[in-house]
């Protein structure tokens, strides 16, 4: 009986040893890559980031910082708020669990060439290279995306992260401002049309259209509609001649001008580097005289 018990203990010891060896082999990478679960994937410092590259199957966008100015694809001025939002969204990618350690699963999780790859550089050094993969919804309120660091095989689940929150088109990062005015500070608006120029001016008694009272409700509605004008309907500037314009003058004397060009394009003195092709801008900005008379 004693001999039988010793043999049983010996066999159990051998079994435990074999299981231990199996686990060591399974979770140790001969290439030297750490197999431990990463608690963080993105550790960039927003203030130090000088370049961001965004690659998708359909688009490539480069954001570059020169001094305090960000540019898009080396040609356009970037909206700093959009860049800041991008960096903050990236920092919000937190791994909640490991989905796979196998390269065979990359295609299924869309963390291969079909995913969105984002690289960030700090002072010339690449400090982030991540691939954003498939987005999934779990239940009614829970969602997540699969992500992978480009140089690693591990695929992580990033809970509460939407891949779509990282825009891939360059238009998403370009400065889309046309006009920002404080409607209470506007002293006059000049509508310089070839056939019917007129001026709205603020008087103590109210708004005047040239030498007659304007419809105050119509003026208020107009100012509300144009106080913040933005558009992502960018277009190439064909150097088309100007047709007409509207000039907003503030009490400080600083003019802001929106110009309509031959062919339907629109430009802005506020953001002279951009050009738009957007019918909605024409509808909002270029009103005729009858509109301000309540007709």
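The values are calculated or read from the model by the stated rules, or taken from the named source; none is laboratory data. Not measured: the values here are computed from a predicted model. Here the Cβ is made from the backbone with ideal geometry for all residues, glycine too, and neighbour counts use every protein chain on show.
Descriptive notes on the structure:
- With respect to the conditions (1) assigned by TED's automatic domain parsing to the domain that holds residue 76; (2) at negative phi; (3) surrounded by 13 or more Cβ atoms within 10 Å (Cβ to Cβ), residue 160 falls short on a single one, namely (2).
- Residue satisfying condition, being more than 20 Å from the chain's Cα centre (by Cα) and at pLDDT below 95, within set 138, 113: 138
- One residue from 60, 71 being in contact with a strand residue (DSSP E or B) (Cβ under 8 Å, 6 or more places away or on another chain), farther than 19 Å from residue 150 by Cα and modelled with pLDDT of 95 or more: 71
- For the range 139-161, the set of residues classified as out of contact with any strand residue (DSSP E or B) (no Cβ under 7 Å at 6 or more places or on another chain) and part of a strand (DSSP E or B) consists of 142 only.
- One residue stands out among those in the range 247-295 that are closer than 26 Å to residue 76 by Cα, more than 30 Å from the chain's Cα centre (by Cα) and at pLDDT 95 or above: the one that is surrounded by the fewest Cβ atoms within 10 Å (Cβ to Cβ), which is 262.
- Only a single item in (1) touching a residue at least 24 places away in the same chain (Cβ under 8 Å); (2) surrounded by 14 or more Cβ atoms within 10 Å (Cβ to Cβ); (3) out of contact with any strand residue (DSSP E or B) (no Cβ under 8 Å at 6 or more places or on another chain) is not met by residue 113, and it is number (2).
- Against the test of being in the same structural domain as residue 149 (by TED's automatic domain parsing), assigned to a helix (DSSP H, G or I) and farther than 26 Å from residue 133 by Cβ, the options 88, 81 yield a single qualifying residue, 81.
- One residue stands out among those in the range 172-209 that are within 22 Å of residue 252 (Cβ to Cβ) and surrounded by 19 or more Cβ atoms within 10 Å (Cβ to Cβ): the one that is modelled with the lowest pLDDT, which is 181.
- Those residues of the range 237-246 which are over 28 Å from the mean Cα position of the chain (by Cα) and part of a loop (DSSP other than H, G, I, E, B), in sequence order: 239, 240, 241
- Looking across 242, 260, one residue alone is out of contact with any helix residue (DSSP H, G or I) (no Cβ under 8 Å at 6 or more places or on another chain) and farther than 16 Å from residue 184 by Cβ. It is 242.
- The lone exception for residue 219 - which of (1) in a helix (DSSP H, G or I); (2) out of contact with any strand residue (DSSP E or B) (no Cβ under 7 Å at 6 or more places or on another chain) it fails: (2)
- Of the candidates 120, 99, the single residue that is in a strand (DSSP E or B), crowded, with 17+ Cβ neighbours inside 10 Å, in the same structural domain as residue 166 (by TED's automatic domain parsing) and more than 18 Å from the chain's Cα centre (by Cα) is 99.
- Within the set 44, 54, the sole residue that is at pLDDT 95 or above, in a loop (DSSP other than H, G, I, E, B) and under 22 Å from residue 85 (Cα atoms) turns out to be 44.
- Annotation: residue 144 fulfils all but one of (1) closer than 23 Å to residue 90 by Cα; (2) loosely packed, with under 13 Cβ neighbours inside 10 Å; the unmet one is (2).
- Scan of the range 167-196 for residues that are in a loop (DSSP other than H, G, I, E, B) and in contact with a helix residue (DSSP H, G or I) (Cβ under 8 Å, 6 or more places away or on another chain), ordered by number: 167, 173, 181, 183, 196
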